[in-house]
Amino acid sequence: MESSTVERPSSCRNMMVWEQKEVIAKGIVAKPKAFLDGWRRAVEGCMKTKQRSNVLASWKRPEVGRLKLNTDASIGDGNICGLGWVVRDSEGRFIAGGVDKWYGSSPKVAEALAIREALSWLKQSGWDYINVESDALQVISSINSGSDGSLSGVIIDDIRDMSTSFTSIYFTHMKRSANRVAHDLARAVVSMCDRYVWLYHFPTCISVSLDHDLINDN
C-alpha cells in the first residue's frame, strides 16, 4: 500500500515532466514556424506593393460629351523642340492632332507651348468641354495655381486666359505611359515640317500607340 501510494505521485510527476517537455518542444517548433509565416507574409506584401508600383498608367477615355486633349514636347538635336497634341472623344476615336516646331525652348516652356497651341486650335475650331492632360507636372500645377513670372509663366497666363473661352475645361497631370500618342507626335515633328494638323485621319506614326490606348483602356 505504501509503495502504491508513493509510486502514484512519482508517476504524476513524470507525466508532468513529459507533458512540459512536450509543450516546450511544440513551442520550439512553433516559434520558427511563426517567424517563417510572418516572413512569408512580409515578402508577399512587398512583392504586391512592388507589382502595383510597376503597373504602368494607361490612357482613359473622357466622359460622354467631352473631348480629351493630350499634349507633349520633345527636345531634339540643335535645341529643336517638337510639340505634339492629339484630341480623342469618349469612344477613343481620333478627332484631331497637330504638330509644331520651336527653337531654343526649355522643357517647361516647350510643354506649356504645346498646351497653348493645341488650345488655340480647339478654340478657333469651336470645340468645347475639354479635358487637358500632360505629363509635365510643373506646367499643370502652374496652370491650376497661377504663373510664376517667368517666360513659361507668361505662356501659362495665356493658357489661363484662353481657358475662359471654354464652357468647361480641366487640366490634369498624368504619367508618361498614359501620354504615348502625344509623345510620339512630338518626337516625329523634329524630322517633319514646321506645323501640321490632321483632322479625323491620323498619321501612321501614331497608329500603334492609338491601338495600344484603346486595348488598355479597361
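Values computed for the structure shown
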read-out	value
Residue in the stretch 135-157 that is among the aliphatic types (A, V, I, L, M), surrounded by fewer than 17 Cβ atoms within 10 Å (Cβ to Cβ) and in contact with a strand residue (DSSP E or B) (Cβ under 9 Å, 6 or more places away or on another chain) present	yes
Which numbered condition F202 misses (of (1) assigned to a loop (DSSP other than H, G, I, E, B); (2) out of contact with any strand residue (DSSP E or B) (no Cβ under 6 Å at 6 or more places or on another chain))	(2)
Among (1) buried (at least 16 other Cβ atoms within 10 Å of the Cβ); (2) within 24 Å of the chain's Cα centre (by Cα); (3) acidic (D, E) - the single one E91 does not satisfy	(1)
Residue count for the stretch 121-158, restricted to those that are among the hydroxyl-bearing types (S, T, Y), in contact (Cβ under 8 Å) with a residue 12 or more places away in the chain and within 15 Å of F171 (Cα to Cα)	5
Residue, surrounded by the fewest Cβ atoms within 10 Å (Cβ to Cβ), within the stretch 107-129, restricted to residues that are over 22 Å from G82 (Cβ atoms) and in contact with a strand residue (DSSP E or B) (Cβ under 7 Å, 6 or more places away or on another chain)	Y129
Residue within the stretch 166-188 that is without any contact (Cβ under 8 Å) to a residue 40 or more places away in the chain and over 20 Å from R66 (Cβ atoms) present	no
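No value in this document is a laboratory result; all are computed from the given coordinates. None of the values given here were measured: they were computed from a predicted structure. Glycine gets a Cβ as well: all are built from the backbone with ideal geometry, and neighbour counts include every protein chain shown.
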